[in-house]
Amino acid sequence: MSAIDLNADLGEGFGRWRLTDDEGLLSLVTSANVACGFHAGDAATMRRVCALAAERGVTIGAQVSYRDLAGFGRRAMDVPSAELAAEVAYQIGALEVFARAAGARVAYVKPHGALYNRVVRDEEQAAAVVEGVLLAGAALPVLGLPGSRLLDLAAKAGLGAVPEAFADRAYTDAGTLVPRTQEGAVIEDPGAVVERSVGLACDGRVTSRSGAPVEVRARSLCVHGDTPGAVDLARRVRRRLEESGARVEAFA
C-alpha cells in the first residue's frame with residue numbers, strides 16, 4: 001500500500017484580501033504550504049493559518065518565494081545568491097514564530113512559483129535555497145520537483161529531499177511542468193484531476209501533454225488552493241485516493 005501526502009498552498013492572502021479557503025482545505029490536506037509574506041501572506045494571516053493547522057493536526061511548511069507581492073511570486077527574477085539565501089532564511093524564521101506560538105513547528109520548506117521552477121535546473125539558485133534552509137538553523141526537508149537540482153543539492157547537504165507531483169498541471173515528456181504561460185498548462189477538468197491523482201499516487205505515472213506516459217515518483221501531491229472549487233476538488237481527490245488503497249499521510 002503506497003503512502004502519499006496531500007499538500008496545498010495556503011495563507012495566500014494579504015490584509016483584507018483572501019485567495020484561499022484555508023479552513024476548508026485544512027480539513028482535507030495533510031501538509032500546509034504557508035505563504036511567508038514575500039509572494040502573499042502577512043503576519044496576521046500566517047498566525048491564523050498556523051493556529052488552524054495545528055488545531056487540525058496538519059503539518060506546517062514554509063512556502064518561500066522571490067520578493068514579489070505584485071506578481072504573486074510568478075515573475076522571473078535575478079536575485080544574488082547571498083541575498084536569496086538570506087531571504088529564504090528570513091521567511092522560514094518568520095513562519096516559525098507563529099508555528100511555535102500555535103504549539104507546532106515548521107516541518108519542511110517548499111519554494112513557490114518562479115523560484116520553484118527556477119531551481120529545477122538553476123544550480124546557483126538551488127544552492128542558495130539550500131543555504132537559506134541551513135541558515136535558518138534546522139535541517140528541514142525540502143519539497144520539489146523529482147529530478148530537480150534543488151532536491152539533488154538538498155540531499156547532498158543532508159536535508160530530506162521530498163519529490164512532489166501536481167495532478168492539476170500539465171507535464172512535458174521530460175517530466176517537467178508545462179509553463180503557466182502556455183495554453184493547457186493547468187488541467188481544468190475535475191474528473192481528470194482526480195484520476196491523475198490516483199495514477200501519480202499508486203502507479204507513479206502521469207500522461208504528458210503530448211499523450212506520452214511519464215514516470216513521476218512522488219511522496220507528496222499538491223492540490224492548488226487558488227483553483228476554483230478547490231475544496232470540493234481536494235475532497236474528491238482524497239476520497240478517491242483512499243478508495244484506491246493509498247495511505248494519505250504527511251511526509252514530515
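Checked against (1) in a loop (DSSP other than H, G, I, E, B); (2) open to solvent by 10 Å² or more (accessible area, probe 1.4 Å), Gly225 passes all but condition (2). Taken together, Ala218, Ala201 contain a single residue that is assigned to a loop (DSSP other than H, G, I, E, B) and either in contact with a strand residue (DSSP E or B) (Cβ under 6 Å, 6 or more places away or on another chain) or closer than 17 Å to Gly144 by Cβ (or both), which is Ala218. Summed over region 216-239, residues that are modelled with pLDDT of 95 or more, farther than 15 Å from Ser27 by Cα and charged (D, E, K, R) total 1. The condition of being surrounded by fewer than 19 Cβ atoms within 10 Å (Cβ to Cβ) and under 17 Å from Glu83 (Cα atoms) holds for only one of Glu131, Glu124, that being Glu124.
Given the criteria touching a strand residue (DSSP E or B) at 6+ places or on another chain (Cβ under 9 Å), assigned to a strand (DSSP E or B), farther than 26 Å from Tyr108 by Cα and open to solvent by less than 20 Å² (accessible area, probe 1.4 Å), does Val206 qualify? No, not satisfied. Sub-8 Å Cβ pairs linking a first residue in region 186-204 that is more than 20 Å from Glu215 (Cβ to Cβ) to a second residue that is among the polar types (S, T, N, Q) and open to solvent by 10 Å² or more (accessible area, probe 1.4 Å), at least 6 apart or interchain, are Val186/Thr227, ordered by first then second residue. When Leu115, Leu151, Leu84 are checked against the criterion of being open to solvent by 10 Å² or more (accessible area, probe 1.4 Å), among the hydrophobic types (A, V, I, L, M, F, W, C) and either in a helix (DSSP H, G or I) or in contact (Cβ under 8 Å) with a residue 40 or more places away in the chain (or both), Leu151 stands alone in meeting it. Inspection of region 95-111 finds a residue satisfying the criterion of being touching a Pro at 6+ places or on another chain (Cβ under 7 Å), open to solvent by less than 10 Å² (accessible area, probe 1.4 Å) and either under 23 Å from Gly37 (Cα atoms) or at pLDDT below 95 (or both). As for region 105-127, it holds at least one residue that is closer than 26 Å to Thr181 by Cα, under 17 Å from the mean Cα position of the chain (by Cα) and among the aromatic types (Phe, Trp, Tyr). Could you check region 218-246 and list, in sequence order, the residues that are in contact with a Leu (Cβ under 9 Å, 6 or more places away or on another chain) and charged (D, E, K, R)? Arg219, Asp226, Arg235, Arg238 - these are the residues of region 218-246 that are in contact with a Leu (Cβ under 9 Å, 6 or more places away or on another chain) and charged (D, E, K, R). Looking across region 46-81 at every residue that is touching a Phe, Trp or Tyr at 6+ places or on another chain (Cβ under 6 Å) and surrounded by 22 or more Cβ atoms within 10 Å (Cβ to Cβ), the one that is nearest to Gly11 (Cα to Cα) is identified as Met46. Only one of the numbered conditions (1) assigned to a loop (DSSP other than H, G, I, E, B); (2) buried (at least 17 other Cβ atoms within 10 Å of the Cβ) is not met by Ala174, and that is (2). No other residue among Glu188, Glu195 is more than 17 Å from Leu10 (Cα to Cα), open to solvent by 40 Å² or more (accessible area, probe 1.4 Å), not in a loop (DSSP other than H, G, I, E, B) and not β-branched (Val, Ile, Thr) apart from Glu195.
The values are calculated or read from the model by the stated rules, or taken from the named source; none is laboratory data. The model shown is predicted, which means the values in this text are computed figures rather than measured ones. Cβ: placed from backbone, ideal geometry, glycine included. Neighbour counts: every protein chain shown. Heads up: the accessible areas ignore ligands, DNA and RNA and are worked out on the full protein's heavy atoms, side chains in. Shrake-Rupley method; radii C 1.70, N 1.55, O 1.52, S 1.80 Å.
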